[in-house]
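The values are calculated or read from the model by the stated rules, or taken from the named source; none is laboratory data. Every value quoted in this text rests on a predicted model; they were computed, and no experiment measured them. Here the Cβ positions follow ideal geometry from the backbone for every residue, glycine too, while neighbour counts run over all protein chains shown.
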C-alpha cells in the first residue's frame with residue numbers, strides 16, 4: 001500500500017523528549033496548559049474566574065514548595081560540609 005502526501009501539508013512538529021512524570025512540569029508547562037484550556041473552552045460556558053484563580057494559586061503554591069525544597073537541600077549539603085570540616089579539624093592525628 002502506498003501513501004501519498006498531501007501537497008502543501010506540513011509534517012507534524014517533533015515531540016520533545018518525554019519528561020519524567022508530573023515532577024518535571026514547570027511554569028512553562030502550566031502556561032501552555034492554561035492557554036490551551038482557555039482556547040478550547042466553550043464561549044457560551046466559560047471557565048469560572050474563581051476556578052482559574054484557584055488553579056493558578058495551587059500551581060504557585062506548588063512551585064514555591066518545590067523551590068523551598070531545593071533551598072533546604074542546598075542548606076543541608078552545606079551543613080554536612082561544615083560538620084565534616086569540623087570533624088576533621090577536631091580529630092586528633094594518628095601516629
Search region 63-92 for residues that are modelled with pLDDT under 90 and pair each with any residue that is part of a helix (DSSP H, G or I) and surrounded by 10 or more Cβ atoms within 10 Å (Cβ to Cβ) when their beta-carbon atoms are under 7 Å apart and the residues are at least 6 apart or on different chains. 63/27
Any residue at all in region 23-30 that's assigned to a helix (DSSP H, G or I), exposed (fewer than 10 other Cβ atoms within 10 Å of the Cβ) and at pLDDT below 80? yes
Which condition from (1) assigned to a loop (DSSP other than H, G, I, E, B); (2) loosely packed, with under 10 Cβ neighbours inside 10 Å is the one that residue 47 breaks? (2)
